[in-house]
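Novice: The structure's right below; bear with me while I get my questions together.
The values are calculated or read from the model by the stated rules, or taken from the named source; none is laboratory data. Quick caveat, the model's predicted, so the values are computed rather than measured. Glycine gets a Cβ as well: all are built from the backbone with ideal geometry, and neighbour counts include every protein chain shown.
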Amino acid sequence: MKIKSYSTSMPNRDIVVWDSKFEIKIPFIDAQHKKLIELCNNLHKAIIAMPDSSGVVVDDWQDSLLNALRECVDYTQTHFRDEENLMQAAGFVDFTQHKSFHSAFVKKILETAKSFEKKIKLAHYDLFIFCMTGF
């Protein structure tokens, strides 16, 4: 997979670029892989758009980032389910190993998403407490 070099001053650039060498020649799965790359690029752009050191929030950054993260998680789970169904139907030899990879990957992204959401909630709570005790 090609990862483009990028600069944080250019947040609208894609970090992952689809290449025909990624194709597995199953149009349905290739289309899902393209969608996953698009979602990864959207997540990257949401991360890069974070508030700068002045604290200026760009386009409701946290909501945008959470939405991009959730969409990646949801679509990844959908894709893995679809891919596993095709693998089983085709009698894919390494199905068990590939399914284990999928399971570990999903577990990691779910943990990451939950951790991020928890940190945002805690930050909001801490800000609330700070404001309430300051008055």
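Novice: Go through segment 87-119 and report how many residues are surrounded by fewer than 13 Cβ atoms within 10 Å (Cβ to Cβ), closer than 22 Å to residue 26 by Cβ and of a type outside the set (Gly, Ala, Ser).
Specialist: Total meeting the criteria: 6.
Novice: Here's another thing I want to ask about it. Only one of (1) under 20 Å from the mean Cα position of the chain (by Cα); (2) surrounded by 14 or more Cβ atoms within 10 Å (Cβ to Cβ) is not met by residue 74, so which one is it?
Specialist: Single failed check for residue 74: (2).
Novice: Another one. Residue pairs, Cβ under 7 Å, 6 or more apart or interchain, first in segment 100-115 and at pLDDT 90 or above, second of a type outside the set (S, T, N, Q) and surrounded by 10 or more Cβ atoms within 10 Å (Cβ to Cβ). List them.
Specialist: 102/80; 102/84; 106/80
Novice: So, one more: Suppose we keep only residues that are assigned to a loop (DSSP other than H, G, I, E, B) and modelled with pLDDT of 90 or more within segment 19-53. Which one would you say is surrounded by the fewest Cβ atoms within 10 Å (Cβ to Cβ)?
Specialist: Result: 25.
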